[in-house]
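Worksheet: the structure to be examined is printed underneath.
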Amino acid sequence: MKFLSFDLELNQASTGAKIIEVGACVGETNNGKILSTYSCLVNPYEILEPKIIALTGITQAEVDIGKSIVEAYLGMEELARCYNCLHMPLVWGCGDGYALRLELPKDIKWYFSRRELDVKAVYQSYQIANGGKIEAGLNKAMDKINLIFQGKIHRAKDDAINTFLIFCELLKKFKIITR
């Protein structure tokens, strides 16, 4: 089964949380193989907060020449279509789909279903079943199940890749439990 995993990076300005990066990957859950990745910087048409620049490493100059939110979304959608992914994307923590739909103009049709598969909630369920702590960011959660975070933390494409990888690892663990 092929899934699209996606993540957003947002500017936390007084105007609200505007998207500054869309990242995604497509992978096969049966073997954990990543087939393709996608990354797009988005111009939020506002000044980036210094804490966001420090957290992500994304600069004002980079977003100033970034694409529109429509172009970023359509690129991600094309990736999902190309690989015929399940229409329920993977995310770490709920809300990214809602945030993206909120910023898209009303005339842009949402390709995916209403639901996202929240891998953080799956991880938390696994932790509950095993008596572990449920509070964890993506990097710490990966460490707790013996995975090494790939790439840079708080970059959308890398977070999407790692969300997919932790999902595949959790699926393996669930298979062991159900045997």
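Every number here is computed from the coordinates shown, using simple stated rules; none is lab data. These numbers come from a predicted model, not from an experiment. Note that each Cβ is placed from the backbone with ideal geometry, even for glycine, and that neighbours are counted across all protein chains shown.
Which net charge results for the neighbourhood of M1, defined as the other residues with beta-carbon distances under 13 angstrom from its beta-carbon, given Lys and Arg at +1 and Asp and Glu at -1?
+1
Given the options N139, N43, N31, state which has the largest fluctuation in a GNM of the chain using a 10 Å cut-off (strictly under) for Cα springs.
Judging by the Gaussian network model, the answer is N31.
Given the convex hull over the Cα atoms of segment 32-104, what projected area results after averaging over all orientations, in nm²?
So the mean shadow area of the Cα hull is 6.0 nm².
Near the amide H of L4, under 5 Å away, which other amide H atoms are found, from residues 5 or more places off or on another chain, if H is placed in the peptide plane?
Here the answer is L86, L90, since their amide H atoms fall under 5 Å of that of L4.
Could you work out how far helix 119-129 tilts from the main Cα principal axis of the chain, as a 0 to 90 degree angle to the nearest 10?
Approximately 30 degrees, to the nearest 10.
Roughly what angle does helix 156-178 make with the longest principal axis of the chain, taking Cα atoms, 0 to 90 degrees, to the nearest 10?
Orientation of helix 156-178: about 20 degrees from the principal axis.
Evaluate the distance, in nm, between pseudo-label points positioned 7 Å from the Cα of V70 and of R115 along their respective Cα→Cβ axes.
3.1
Most mobile of G137, G27, G93 per a Gaussian network model of the chain (Cα springs, under 10 Å)?
So, out of G137, G27, G93, the one fluctuating most is G137.
Give or take rounding to whole Å, what are the principal axis extents of the alpha carbon atoms in segment 1-58, in descending order?
Largest first, segment 1-58 extends 43, 18, 14 Å along its Cα principal axes.
Go ahead and set up a Gaussian network model of the chain, Cα springs under 10 Å, then flag whichever of I52, I20, I166 fluctuates most.
Its mean-square fluctuation being the largest, the pick is I52.
In whole angstrom, how far apart do the alpha carbon centroids of segment 52-107 and segment 114-131 sit?
22
Per-residue ellipticity at 222 nm for the chain, helices alone: DSSP H runs ≥ 4 residues times -39500 (n - 2.57), over residue total, nearest 500 deg cm²/dmol?
Mean residue ellipticity, 222 nm, calculated: -12500 deg cm²/dmol.
So which of K140/K172; K18/K120; K67/K140; K152/K172 end up more than 27 Å apart by C-alpha?
In this structure, K67/K140 lie more than 27 Å apart at Cα.
Can you tell me the Rg and Dmax of the chain, counting just the alpha carbons, in angstroms?
My reading of the Cα-based Rg and Dmax gives 16.2, 53 Å.
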